[in-house]
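Asks: Mind looking over this structure? Questions follow.
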Amino acid sequence: LLTALAASSGPLVAARGEPVAPPLAAELAELGAAARLDRFFVFSLDQGTRERPGGPAVVMLIGGTEARARYHAAVGRDSELLPMLSILLTQAAAALRNAQLYQELLDERNSLDDKVKARTGELSQANQDLTVALLKTRESERVKMEFLANVSHELRTPLNSIINLPDGLLLDFPRVPAVTCACCQASFALEPGEVVAGTDSCPTCGAVAGFAAVETVVYQGEPAQTRQYLETVVRCGRHLLSVVNDILDASRLEAGRVELHEERVELATVVDDVSRAVGALAAQRGLQLVLPTLDASQTLFGDRVRLAQILINLLGNAIKFSHPGGRVTLQVECPEDAVRFVIADQGIGIAVADQERIFESFRQVDGGHTRRFGGSGLGLAITRQLVLLHQGRVWLRSQLGEGSTFFVELPRRPGPRTAVSGAPGGSS
Amino acid sequence: MKPIAPTGARPPARDLGRRDLVLYVEDEQSNRQVAQMRLGRDYELLLASTDREACDLVRARGSELYAVLMDIELKNSRLNGIELTKLLRGRLSLDQVPDFGRDLPPLPLVPILFVSAYGGRYREEELLSVGGNKLISKPVNFVELNNAMTLCHLNRLRRPR
């Protein structure tokens, strides 16, 4: 019976196993519609007889298309059926509504779960993509560094011969005694028997102290031209080497592969290193190089080699872009908790519009400058990166034609280092 | 007194009577040539182009060595400069020792200076940890190299390894 009932269609199917009388069916259908029930069944398992009323009716309600509920109620007689059904249906509708809401709630929760799962899936996919991308980046970074190391090797190997063989040949030329100015590094050949006194001043830079202190030998003699050619090869080889070093340095700095070897550094030793490196260049160009005299108490926490590199780059530029006879100065100022290097020249100057660009890689003010003034165009980019590694800053003040002044300010004791990316680089 | 163009200062000449013995392991012919020219006048130079030649020379004259100059990447060799250094220091695991490297006289004290053109590929700390004493980069600055060899000897006397 139950199966038969369930299989039948229509709003009201059966009561007491028989088709419900049409008026009653219509009323029940109305009740059902009011209670928003799609289908319901009323039946009784005990049909009873004429003399004896049947057992309690069982009402089965099916509401909505998805929500299901079974509602049992005892109905004594036919006359009680309708009001009883009315109450029943109202309650059943409420129950069904609740069930529906509950179902919706469940669905909502499930769909939320699904959304969260989907989102989590997307996120983990994104994470995975990122990891893959990172690995790819690391891999390409590694390949790049490997390539650089190979390029370095291929460039340095021939330079070893280019620089050292002619330099060795120069050793065979007769040498004359000479003195070198401790200030500007200019060399002067001594006539036989000529003696330089400690009170003599240097003809190039005018310094007195230390001028006679350095005695050296300088190669001279015939054939002079051969000697000059050899010197040119050595000089050009060294220049090429400096360009190679700049390119490799800039690449490593950009990849975050340079690590500072920080220690307490006496500024005087840095200035000594700088003087040795650029003194001769200034003298050659007929420039007056003015370096500060510092006492041992003036120190800075940093990488001695890299600090010197910063100053050599800036002084080298100052010398390169100066007019002959001009003056290049390095001053050291000590504002609180910092050291400020001031590098000033009286050279060609830099237009305000160009002042930010010159710190970018491979830039001189215009393409023509690179050809006119030589150099890799990387010096300032390297300088800025090295200053940033020291947690300092670099800036300049300049006007076209009025010379340039560069400022480098470094903290005496840098704060805790923020993560330096990449593996530590080695000495080269 | 007249101004002259400056050039590199020449390292002080060494006593020509008794020259110290230096072994240079270097696969690149041009680099061996440069070393012969620039070190040959101050040192008695032994040149090896492979690990095998290096071992033969060490077996023959290891006890007289003043210093070893060691290229790192070696063509036509089974061991690179780092492994060869380990071998000379007796730190190479036995299964890695090639037949021509057996029974070498130990060189615990002779300074070994790495000479490499691979800027940045090798870290000096790493090279010192395998028994090296110094990393010199190519192109070689021979003033620096001479100073380094002298310094390594001074350090050796001060603090035996």
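Every residue, every condition in (1) in a loop (DSSP other than H, G, I, E, B); (2) within 38 Å of the chain's Cα centre (by Cα); (3) closer than 17 Å to residue A:394 by Cα, yes or no:
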{"position": "A:278", "(1), (2), (3)": "no, yes, no"}
{"position": "A:286", "(1), (2), (3)": "yes, no, no"}
{"position": "A:311", "(1), (2), (3)": "no, yes, yes"}
{"position": "A:317", "(1), (2), (3)": "no, yes, yes"}
{"position": "A:339", "(1), (2), (3)": "no, yes, yes"}
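Each row is one residue, and each column tells you yes or no for (1) at pLDDT below 85; (2) more than 14 Å from chain B (Cβ to nearest Cβ).
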residue: A:251; (1), (2): yes, no
residue: A:254; (1), (2): yes, no
residue: A:259; (1), (2): yes, no
residue: A:264; (1), (2): no, yes
residue: A:268; (1), (2): no, yes
residue: A:273; (1), (2): no, no
residue: A:281; (1), (2): yes, no
residue: A:286; (1), (2): yes, no
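Asks: I need the full set of residues from region A:388-412 which are within 15 Å of residue A:315 (Cα to Cα) and under 23 Å from the mean Cα position of the chain (by Cα), in order please.
Replies: A:394, A:395
The values are calculated or read from the model by the stated rules, or taken from the named source; none is laboratory data. Keep in mind it's a predicted model, so treat the numbers as computed, not measured. Cβ atoms come from the backbone with ideal geometry, glycine included; neighbour counts cover every protein chain shown.
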